[in-house]
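Engineer: First, the structure itself, so that you have it in front of you.
All of the numbers you see were taken from the coordinates with simple rules; none came from a lab. Since we're looking at a predicted model, the values are computed, not measured. All Cβ positions, glycine included, derive from the backbone under ideal geometry; neighbour counts span all protein chains shown.
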Amino acid sequence: MMDECVRCNNPISPQTGREIEGLTYCPKCADSHNQSLRQKKAEVQKEKGEILREIDAIEQEMRTITEEDTRHIIVSTTDTLETGQIIDYIDVISVQDVVFQDIHIDPAQAEGSHDLAEKLFRNRIELSLSKLRKRAYLVGADAVIGIHIDSSMEQKPESEFAVAVAIKLNITGTAVRLTTHL
């Protein structure tokens with residue numbers, strides 16, 4: 001019994017047919033299909049490389065931005081601001097932060113592990129907000145509105161005087177330009 005190639009519909013024998021992802025091709029179409037797949041994979045790899053280079057460039061540029069550069073940028077959970085009218089919605093921006101850290105506790109203050117974890121958590125939120133301001137600065141924003149902080153913190157005792165803390169943060173907002181600058 002003869003099969004047909006799924007691409008060119010030519011008859012093929014079971015001995016010469018090639019199965020790729022559950023479909024049967026003649027040798028010529030199978031080679032063409034495999035070449036096409038290799039080209040697509042190469043394009044995806046090239047695109048991944050370009051994305052990684054772009055991310056590296058942005059991260060490098062963010063390291064040069066100081067707190068003084070971003071001091072004027074307003075960060076708000078509200079969708080409007082009283083300090084100026086929004087004249088341009090630039091883009092949604094976000095930062096992510098994941099931290100795994102062991103907190104070692106002084107035996108004299110063994111009850112303070114929760115306070116230390118909370119202090120670490122608040123510190124990571126402040127660092128992430130600073131990074132959000134830097135991203136806003138890069139896109140020319142005066143403010144980030146409608147920010148949403150999605151966070152979680154887990155604590156797991158490692159020993160009598162050590163606690164493992166896992167913190168996950170995602171902060172998202174809309175970068176905007178205002179009519180007046182502060």
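Engineer: In straight Cα distance, which aspartates and glutamates are under 18 Å from Lys46, not counting same-chain residues fewer than 8 positions off?
Structural biologist: Result set, ordered by chain and number: Glu54, Asp56.
Engineer: Between Asp97 and Thr77, what length comes free when the chain is fully extended (0.36 nm per residue of separation minus the Cα-Cα distance, one decimal in nm)?
Structural biologist: Details: separation 20, 0.36 × 20 = 7.20 nm, distance 1.90 nm.
Gain on stretching Asp97 to Thr77: 5.3 nm.
Engineer: Which of the listed residues, Asn34, Thr174, Leu81, is farthest toward the dipole's positive end in the chain, when Lys, Arg count +1 and Asp, Glu count -1 at the beta-carbon?
Structural biologist: Checked the options; the winner is Asn34.
Engineer: Using a Förster distance of 30 angstrom, determine the FRET efficiency expected from the C-beta separation of Val139 and Gln45, and round it to 0.05.
Structural biologist: Details: r = 28 Å, r/R0 = 0.94.
About 0.60, to the nearest 0.05.
Engineer: Still on this model: Before rounding to the nearest 500, sum -39500 (n - 2.57) across all DSSP H runs of length at least 4 in the chain and divide by the residue total; then give [θ] at 222 nm in deg cm²/dmol. Don't skip to the answer; put the middle values down first.
Structural biologist: Numbers: 3 runs with 68 residues, N = 182.
Theoretical 222 nm ellipticity from helices: -13000 deg cm²/dmol.
Engineer: Taking the stretch 116-155, which trypsin sites (Lys or Arg not before Pro) meet the DSSP loop condition and have no more than 13 other C-beta atoms within 10 Å? The partial results should precede the final answer.
Structural biologist: Numbers: sites: Lys119, Arg122, Arg124, Lys131, Arg133, Lys134, Arg135; in loops: none.
Taking the stretch 116-155 and a limit of 13 other Cβ atoms within 10 Å, no loop trypsin sites (Lys or Arg not before Pro) are found.
Engineer: In debye, nearest 20: dipole of the chain around its Cα centre with unit charges on the Cβ of K, R (+) and D, E (-)? Walk me through the numbers before you get to the answer.
Structural biologist: Numbers: 21 positive and 31 negative charges, 160 e Å.
Taking the Cα centre of the chain as origin, the dipole is about 780 debye.
Engineer: Moving on to the next point. Using label points projected 7 Å from each Cα along Cα→Cβ, tell me how many nm separate Met62 and Glu126, to one decimal.
Structural biologist: Output for this residue pair reads 1.9 nm.
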